[in-house]
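Chemist: Below: one structure in structure tokens.
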Amino acid sequence: MVAQAVEVVQYRSLLYNLVTKDLKVRYKNSVLGFVWSLLNPLLMTLVFTIVFTQLLGQTIEHFPVFVMTGLLAWNWTAASVSTGTKSLLDNASLINKVYFPRSILPASIVFANMAHYLLAFPVIFLFMGIERMQFTPWLLYVPVIWAVQAIFLVGLTLLLAALYVYFRDTIVLVEVGLTAWFFLTPIFYRVEDVAPDYEQIMYWANPMASIIAELHTILYYGGVPDPLFMTRTLIQSLILLLAGVLLFNRVSPHLGEHI
């Protein structure tokens, strides 16, 4: 794994080019460009706010900030998983023409969507300013949460991309799984309000629940994050990364035969 990591670093220019290519292709010939990436979370935030505060009587204060914080992080995850699963087959022609670490392909999807996430993230600050919420020094801890989520997503996309090479039904399961995962992640509700008896189980079983909870702690509550809480999620993410790398390494030598 160390040798593979060194090799990926050596091909960092390729990773950079793949990420920038994704950004350019996504906004090519688009009049509004990056603004389109903001419309989806803004529209969803508006819909959730109307439905849960006006129709269902949701009592969460500053609800737009609460939803936007979780929704942007979730969009990074959903886009990375759905696109990263197909990244090897989508780049079959490139794989068959030239050698490079194949793991760069799923990883580039994660980092490209991370770039979109970071570009959209200041919108949360805008909403916080509108709602007159408190900005604390613990905002400096947010990049640590981003790093943990990136590790988690790279491991997950490596695992799913490897499975998809052999089992094309994987993408169907991913699409269904993302829908279920969305509702099992506290994006527009608080776990303690909905299922207080299963709060710890949700955080243990769903790393995204822990990641979004920590973002809520810092951005929404203005509180102090729990290092042990995120350390547990980091350990889970590293285990998933290890599993993803091991499976990917088993599949990688035979990619040309199956794509």
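Chemist: When you go through (1) hydroxyl-bearing (Ser, Thr, Tyr); (2) farther than 24 Å from residue 246 by Cα; (3) in contact with a Phe, Trp or Tyr (Cβ under 8 Å, 6 or more places away or on another chain) one by one for residue 170, which number turns out not to apply?
Modeler: For residue 170, the failing item is (2).
Chemist: Pick out the one residue from 81, 142 that is in contact with a Gly (Cβ under 9 Å, 6 or more places away or on another chain) and closer than 29 Å to residue 43 by Cβ. Walk me through how you get there before you give the answer.
Modeler: Numbers: 142 fails: in contact with a Gly (Cβ under 9 Å, 6 or more places away or on another chain).
Every option except 81 fails the conditions.
Chemist: Still on this structure, I have one more. Are there any pairs with C-beta distances below 8 angstrom linking a residue in segment 1-26 that is modelled with pLDDT under 80 to a residue that is loosely packed, with under 14 Cβ neighbours inside 10 Å, with the two at least 6 apart or on different chains, and if so which?
Modeler: From segment 1-26, the pairs are 1/242.
Chemist: Now for a separate question. Just one of the numbered conditions (1) part of a loop (DSSP other than H, G, I, E, B); (2) at pLDDT 95 or above is not true of residue 145; which one?
Modeler: (1)
Chemist: Right, next: Out of all the residues in segment 179-227, which are under 19 Å from the mean Cα position of the chain (by Cα), aromatic (Phe, Trp, Tyr) and farther than 27 Å from residue 50 by Cα?
Modeler: Scanning segment 179-227 gives 203, 204.
Chemist: Would you be able to say whether some residue in segment 166-179 is touching a Lys or Arg at 6+ places or on another chain (Cβ under 8 Å) and either modelled with pLDDT under 95 or assigned to a loop (DSSP other than H, G, I, E, B) (or both)? Quick ask: steps written out before the conclusion?
Modeler: Filtering segment 166-179 down to residues touching a Lys or Arg at 6+ places or on another chain (Cβ under 8 Å) leaves 171.
Right, trim to either modelled with pLDDT under 95 or assigned to a loop (DSSP other than H, G, I, E, B) (or both) and you get 171.
Yes - at least one qualifying residue is present in segment 166-179.
Chemist: For segment 198-225, enumerate the residues that are in contact (Cβ under 8 Å) with a residue 12 or more places away in the chain and charged (D, E, K, R).
Modeler: Correct list: 214 only.
Chemist: Hey, another quick one. Under the condition of being within 13 Å of residue 189 (Cβ to Cβ) and modelled with pLDDT of 85 or more, which residue from segment 40-68 is surrounded by the fewest Cβ atoms within 10 Å (Cβ to Cβ)?
Modeler: 63
Chemist: Residues of segment 89-142 being exposed (fewer than 13 other Cβ atoms within 10 Å of the Cβ) and under 30 Å from residue 254 (Cβ atoms), which ones?
Modeler: Within segment 89-142, 93, 96, 97, 98, 99 qualify.
Chemist: Here's another thing I want to ask about it. Since residue 169 meets every condition but one in (1) exposed (fewer than 13 other Cβ atoms within 10 Å of the Cβ); (2) in contact with a helix residue (DSSP H, G or I) (Cβ under 8 Å, 6 or more places away or on another chain), which condition does it not meet?
Modeler: Exception for residue 169: condition (2).
The values are calculated or read from the model by the stated rules, or taken from the named source; none is laboratory data. No experiment lies behind these values; they were computed from the predicted model shown. Glycine gets a Cβ as well: all are built from the backbone with ideal geometry, and neighbour counts include every protein chain shown.
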